[in-house]
Each structure stands twice: as C-alpha cells, then as structure tokens.
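Only one structure is covered here, and it is reproduced in the block below.
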Amino acid sequence: MLGRIVDWIDERAKVRDLYQSQMVDYRVPKNLTFPYVFGVLALITFAIQIISGIILMMYYKPIIAHAFDSANYTIMKEIPFAWLFRHIHAAGANFFLAVVYLHMFTGIYYTAYKKPRELTWIVGWVIFFVLLLTALSGYLLPWGQLSYWGMVVTTEIPTSLKDAPILKGLFGAIGETVSIWMKGGFTLGDIALGRFFALHVLFLPLTLMALLGIHLYLVRAAGISNPEGVEIDKKKEGVPFHPYMTLKEGAFAMGYLAVFFFFVFFNMSHFLPADNFEPADPLKTPPHIAPEWYLLAFYEIFRSIPSKFWGFIAFNLALVFLLILPFLDFSPIKSARKRPLFFIMFVVLVISSMALTILGLMPPTPANAKLGLLFGAGFFLFFLSLPVISFLEWGWYKAKGGQE
C-alpha cells in the first residue's frame, strides 16, 4: 500500500528524477576537504533555529511589561521543557554565526568567490548581513539589562554622522532620524520591542529562507569550488554527491550536533550571561557595554578611531570590502596553495579579525585603542593588497605561458 502511494506521488511530482539529478548525477571534486562541510552545518543550525524559535514564539509576549517575565519565568520555569528550547535557540544563534564565519573564511582561503561564483559570494554576503540583523533584533527580546543597553548603544551609532567634517547639519539630521526610527521614538519602548519582534520572527527569517534557496541554486549551478582551483567537468569528472559527500557530511554533522548539545545541556553560561537575567533598567547603566562576540570586530574598528564619524565609515567599509571581494581579487590563479603572497595576507586577515574580537571585549583604554587601530589596519590591508597581488600574479601567469 505504501509503495503504491509513493509511486502515485512520484508519477505526479517526479521525486525520483529530482533525487537522481541532484544527488546521484550531480558530481563534486573528489578532493573536497573538511572546511567544505561548514555550509551544510549552517543549514542544519538554521533549521534548528526555525523550529526552536516557533516553540518560543508561542509563549513570548512582546511588550515591555511582560517580555522579561515571559522569557525568564514562563519559558524557563513554568512551561515544561520550554527552557530546553530557549537553550537551543540561544546556543544555536552563536553556533550559527560561528559556522557562517568559518564558512566565509573558508570561501576566502579557497577563493570560492572567483568566476563563475561571484554572484554566489554576493548572495552569501547578503545572507551574512541579514543574519547579523536577525541576531541583533533577537538580542533585545529578553529585555534584560545587557539586551537593553546593548541595543541603546547600537541605535545611537547612526548619530555619529553628526561629526562629519562637512555638511554636519545634513548628516546629523539623517543619523538622528535613523536612530529615532530604530527606537520608535526617543527611547526604547514597546514600539521598538514590537518592531524587533516582528523583524526577528517573520520578516528576516522569511528573507533568509529565500536567500538560502537562491544561494543553494547558485552553488549547484556554478558547481562546488576545488581546493586546487581547477574546474572539473561536472558530467564526467568528480564523484557523485551521494553517497560520497552525504556520508562524509553526515558524519561531521553528528559530531557537530554532539558538541552543540553538550553546550545546550552543560555549559549555557556563555550564551545566557547572568547579567541578562536582571530586568532592563533605563536608569542603571552597566559599567562596560559591548555587543555580542560576532559583532565585536566591527565594534572595535568603530570605537578605536577617535572620530565617531570616521569610525562609522570604517566599520561600514569593512562590510563593503567583504561584499566587493570578487572584484578586488582578479588574479588568474585560483588556488591559495599556489599564491604565497595571498596566503600571507590571509593570515594577516585572520589574526587581525581575532585580535579585534578580543579587543572588543576589553575596556576602551588608550592602549587598547592603539591596538585596535593597528589590527584594524591589518584587516583593511588584506583587501587593499589584493589588487596589487593580482597584478603581480598576472605577470607570473603570463611568464609561465598561462600555467599555474
């Protein structure tokens, strides 16, 4: 009976043909390494976030009179096992961003943004940006002390435009208007909480779903990049995606989920800090306010520059450079293993990004500001060096007769 039902569905939906073309006939390079699994881990974590978020949405109340209690009493203590879904969602947000960052750095190292994958990278950047907005909007919802003051600082950042060296009145008015719009008034209240709730549970997740669908289509259309930088004939070379890649990714996914649930059950202090179990108090400013770790590098770039205006420009430029990366690196050589100068600058990028993240957690002292400027310069140096490296490698490429 079940077989007949399956045959009936397949006759109309062509599920077996779709499976054959996308899983068996689709071929990938046989030398794919461990970092290529981060994309799949990101998809798994996104699914976890959607499921856990739906459960939490049933009990959360997006008004400031009840937001804190609904998050910290109703969910954590009154509803059976709702605490588990909050743990999963809080840990998942951090794991999601961590996996996405690893996925991005893997793409940079293996130059997965080069032709014909420029559009894949651009859509991936949009996913990253929307994901940051999703995490930021969700951070306010518990209405704890850290959530409230972290969002106060975030919504005040656009007002730094008033320090522009020219047209201060115009830029200041724009920045102030954006800040007021984000807060829904002159202070954070029910309007802001309602807006961020709507963005977090509806608009941004639906946008992410659409973008992920486009991203996956582009990955399949252009093919998965090769660590050696050599394109394969997708019809003749490589190995079938199933079972070779599905089994490998499945094994890594099981290990990833084991680590993930270890933190969920035994080590949630990293994701639910004790200070955020204190209700938001607009009259009590915490001694040191810092955003979540996944924004610390951009935050450190912003605050280490004495001028708030130029700090605002700098951290936005950091995002823009990531977006236009495919057009900065026009070297004909694709494999980072054959690009010693690129590899050196990639190491500078990684070290600078890690250092900026660490400094973002530290007090804003003059010494830390100087270190922030130093490592911020290292971050930008990677992107600014790519055109120079590309010109040099074009010369080497031609000298070798077009051979890598």
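The values are calculated or read from the model by the stated rules, or taken from the named source; none is laboratory data. All values derive from a computational prediction rather than experimental measurement. Positions of Cβ are generated from backbone atoms using ideal geometry, with glycine treated the same way; all protein chains shown enter the neighbour counts.
Of note:
- TYR217 being of a type in the set (Ser, Thr, Tyr), closer than 19 Å to PHE46 by Cβ and touching a Gly at 6+ places or on another chain (Cβ under 9 Å): no
- Selection within the stretch 253-307 - hydroxyl-bearing (Ser, Thr, Tyr), more than 30 Å from PHE380 (Cα to Cα) and loosely packed, with under 14 Cβ neighbours inside 10 Å: SER269, THR285
- Residue check, LEU386 crowded, with 18+ Cβ neighbours inside 10 Å, not basic (Lys, Arg) and not assigned by TED's automatic domain parsing to the domain that holds THR106: yes
- Set LYS398, LYS334: member being surrounded by 14 or more Cβ atoms within 10 Å (Cβ to Cβ) and within 22 Å of LYS115 (Cβ to Cβ): LYS334
- Check on LYS334, touching a residue at least 60 places away in the same chain (Cβ under 8 Å) and in contact with a Lys or Arg (Cβ under 7 Å, 6 or more places away or on another chain): yes
- The one condition in (1) hydroxyl-bearing (Ser, Thr, Tyr); (2) in contact (Cβ under 8 Å) with a residue 60 or more places away in the chain; (3) closer than 22 Å to LEU102 by Cα that SER352 fails to fulfil: (2)
- Selection within the stretch 51-73 - closer than 25 Å to LEU206 by Cβ, assigned to a helix (DSSP H, G or I) and either in the same structural domain as PHE382 (by TED's automatic domain parsing) or under 27 Å from the mean Cα position of the chain (by Cα) (or both): ILE51, SER52, GLY53, ILE54, ILE55, LEU56, MET57, ALA67, ALA71
- Condition broken by HIS87, with the remaining ones in (1) without any contact (Cβ under 8 Å) to a residue 40 or more places away in the chain; (2) of a type outside the set (Val, Ile, Thr); (3) closer than 30 Å to ASP190 by Cβ satisfied: (1)
- Selection from the stretch 14-44 of residues that are free of Cβ contacts under 8 Å to residues at least 60 places away in the same chain and either aromatic (Phe, Trp, Tyr) or in a helix (DSSP H, G or I) (or both): VAL15, ARG16, ASP17, LEU18, TYR19, GLN20, SER21
- Residue check, TRP83 over 30 Å from VAL126 (Cβ atoms), loosely packed, with under 13 Cβ neighbours inside 10 Å, in the same structural domain as VAL230 (by TED's automatic domain parsing) and of a type in the set (A, V, I, L, M, F, W, C): no
- Matching residues in the stretch 270-290 - criterion: being modelled with pLDDT of 85 or more and of a type outside the set (A, V, I, L, M): PHE271, PRO273, ASN276, PHE277, GLU278, PRO279, ASP281, PRO282, LYS284
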